[in-house]
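Structure first, commentary second.
The values are calculated or read from the model by the stated rules, or taken from the named source; none is laboratory data. Just so we're clear, the structure is a prediction, and the values are computed from it rather than from any experiment. Here the Cβ is made from the backbone with ideal geometry for all residues, glycine too, and neighbour counts use every protein chain on show. Quick note on the areas: whole protein, heavy atoms, side chains included, nothing else; ligands and nucleic acids left out. Shrake-Rupley method; radii C 1.70, N 1.55, O 1.52, S 1.80 Å.
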Amino acid sequence: MCGIIGYTGRKNALPRLIEGLKALEYRGYDSAGVAFVHKNGIKAVKSKGRIALLEEKLKGEQESFCAIGHTRWATHGEPSDVNSHPHGTDSVYIVHNGIIENYAVIKEFLTEKGYSFESETDTETAAKLIDWFYSKEKSPISAIRKALEMISGSYAIGAVFEGYPDKIYAFRKDSPLLAAPSEDGGFITSDISAILRHTREFIRLEEGEIAVLSPDSIEILSTDNTPIERDFETVSWDIEAAEKGGYDHFMLKEIFEQPDAVKKTLSPRVTDGLPTLDITKLAGRCVGELGAIHIVACGTAYHAGLIGQYAIEKLARIPVKVELASEFRYKNPILRKNDLVIIISQSGETADSLAALRLAKERGVRTLAVVNVAGSTIAQEADSVLLTWAGPEIAVASTKAFSVQIALLYLFAIRLALDSDTISEEEARQYCTELTTDVPAAISKALDLTDLCSSTAQKYKDNSSIFFIGRGASSALAHEAALKMKEISYIHCEAYAAGELKHGTISLITDGTPVFAFLTNRSTADKMISNIREVKTRGARVMLFCREGMPIPDGIADDIIPIPSLSQLFMPMSEIIAAQLVAYYMSCHLGCDVDKPRNLAKSVTVE
Ligand code: F6R
């Protein structure tokens, strides 16, 4: 959600910013802008739309050696040139990720001082507040500190000040911001992938700190403005991981990375055929003392939680509640001291999930984060962390993160079950073998369905609405399949537990209504077939995601995608691949922007 980059150094900043903004575009792509220091002061150039338009506008601009840039996902005010960042005055410009919650109060305060506002953004109020204090204090640091005393909300901010032409100031609260040295200057960024061509080392700014970047140094000031020493962290993956590598889209590349991502996430955690996860460490108490488990997440991560719930309840017989983070926070959830709250998040920065984590901690409940981005806020704040090692996920539609999340939840469930004596060691070994060898193999096999998924998508692409139905874990999976289809192809989809259709929604099934049905569960196959017949007799056009080898009665399916077989527990891991591929090709055939669907952004850092 929004991206920040800044550079001060010995080379022209503008090409570096454009390159970085392009890498950040997946985080927000409503509009973009830069503010750069030039011989007469600071100049801002902004543009609604994609970075390419901004790049066009910047053609012919003189060189600048210090600049900040931003790609926006609109919260306050529609996407437009004027609402784009940077915002500021002749004296100061800022770029901002997050939300200034009390912007109305600040606006009133500044209006009384004679300020006027041209945009509808909260960010402009923060910029002008800093400007007000800068006019009084004459020092960027004092101006920032004074302004922060008045600001409430979340922010990662980069600022440049007239009078300090080679300096960038950076500070944050509840939204990530990094400062990084390179051979020819210093960078700030909200996401390391934006500057990987220049450096692999960075410092993660802490709340309350201000980083002051000059071409040759990065100074970190603590809350009382004393300089502090901080160690650099090094990025563990390389630039190729954040590039398309010959695929047409990041989404397709990430779909194809799943067999490896699952292996990487699981293999180091299995020794002698058993999960090495230490439940007592992760949950803060032994399994016998563990109360309920609450899985809290948003979007795709929430769907992973639903599948985790099936696995944990089936294997370990421990009650699991799965909650949407945005609801959990405000419902005064019943949390008991022996419970465990598991937060699942790819980015580790999702504002709703972070708020849920903080609420659980306030209530004294143990928290465990399942997170893909090491060092993210959720990873740092949770009592314990299980990292998914999927590598960077760039496409807005989450694919490989989902697979590694459920893979890790399976492993967690197996360990819980073993420790609870609800499965034997032999059963645990069997599950582990299947999870670490058969599952990645089945995912690879499912990837061979590419052509079939593409032609199937072609057949259904002109429909305005599609139903997804399944039973058991496949009903949870139907929700994820529908989400994938909706977000990138803009086709309206409904996901239902197959047995629930007849309780109302079947009234929407008429001649030709597409129904995508998951027929993969042997134990409920008869019931599922009856549900498919119910829609078929009402005219539905049925596309079956069907377990390979499963007998299919005549006349129930118009199209079939065979899903590589696994034991029932793990079937979602191969089902999801076909569902992702169909959604991907649907989006391609419809000419949609697969990696950057409208209105969405990667990493949702506002509530
Ligand atoms: C959908 C998608 C979103 C995210 C959700 C949570 O494809 O990516 O639904 O899953 O915004 O994000 P994280 O996992 O970063 O907390």
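Note on region 1-43: among residues that are among the small types (Gly, Ala, Ser) and farther than 22 Å from Ala179 by Cβ, the one that is most open to solvent (accessible area, probe 1.4 Å) is Gly41.
When residues in region 320-350 are screened for being more than 8 Å from the ligand (Cβ to nearest atom) and part of a loop (DSSP other than H, G, I, E, B), 11 of them pass. Residues in region 434-493 that are under 22 Å from Gly512 (Cβ atoms) and of a type in the set (Gly, Ala, Ser): 10 in all. Tell me which of these Arg538 doesn't satisfy, since it passes every other one: (1) within 16 Å of the ligand (Cβ to nearest atom); (2) out of contact with any strand residue (DSSP E or B) (no Cβ under 8 Å at 6 or more places or on another chain). Result: Arg538 passes all but (1).
Return yes when Ser465 is touching a His at 6+ places or on another chain (Cβ under 7 Å), more than 16 Å from the ligand (Cβ to nearest atom) and open to solvent by 10 Å² or more (accessible area, probe 1.4 Å) and no when it is not.
Criteria met by Ser465.
Residues that are among the charged types (D, E, K, R) and over 17 Å from Asn225 (Cα atoms) were ranked within region 122-159; the one that is surrounded by the most Cβ atoms within 10 Å (Cβ to Cβ) is Glu124. Every listed requirement among (1) closer than 15 Å to Ile42 by Cα; (2) surrounded by fewer than 19 Cβ atoms within 10 Å (Cβ to Cβ) is met by His85 save one, (2). From the list Ile414, Ile443, Ile488, the one residue that fits, being within 16 Å of the ligand (Cβ to nearest atom) and part of a helix (DSSP H, G or I), is Ile488.
Within region 366-374, is there a residue that is within 27 Å of Ile577 (Cα to Cα), in a loop (DSSP other than H, G, I, E, B) and within 11 Å of the ligand (Cβ to nearest atom)? Yes, the conditions are met somewhere in region 366-374.
Mind checking whether some residue in region 500-514 is within 25 Å of Ala301 (Cβ to Cβ) and buried (at least 17 other Cβ atoms within 10 Å of the Cβ)? Taking every residue of region 500-514 in turn, none turns out to be within 25 Å of Ala301 (Cβ to Cβ) and buried (at least 17 other Cβ atoms within 10 Å of the Cβ). Of the numbered criteria (1) modelled with pLDDT under 95; (2) among the small types (Gly, Ala, Ser); (3) more than 19 Å from the chain's Cα centre (by Cα), the one Ser444 fails is (1). Which ones in region 468-485 are within 16 Å of the ligand (Cβ to nearest atom) and either surrounded by fewer than 24 Cβ atoms within 10 Å (Cβ to Cβ) or small (Gly, Ala, Ser) (or both)? Listed by number, the residues that qualify are Ala476, Ala478, His479, Ala481, Ala482, Leu483. Within region 553-572, is there a residue that is within 28 Å of Lys400 (Cβ to Cβ), surrounded by fewer than 18 Cβ atoms within 10 Å (Cβ to Cβ) and either within 16 Å of the ligand (Cβ to nearest atom) or at pLDDT below 95 (or both)? Taking every residue of region 553-572 in turn, none turns out to be within 28 Å of Lys400 (Cβ to Cβ), surrounded by fewer than 18 Cβ atoms within 10 Å (Cβ to Cβ) and either within 16 Å of the ligand (Cβ to nearest atom) or at pLDDT below 95 (or both).
Within region 512-522, is even one residue free of Cβ contacts under 8 Å to residues at least 12 places away in the same chain and either away from the ligand (no atom under 16 Å from the Cβ) or in the same structural domain as His303 (by TED's automatic domain parsing) (or both)? No, region 512-522 contains no residue that is free of Cβ contacts under 8 Å to residues at least 12 places away in the same chain and either away from the ligand (no atom under 16 Å from the Cβ) or in the same structural domain as His303 (by TED's automatic domain parsing) (or both). Among the conditions (1) buried (at least 24 other Cβ atoms within 10 Å of the Cβ); (2) away from the ligand (no atom under 16 Å from the Cβ), the only one that Ala360 does not satisfy is (2).
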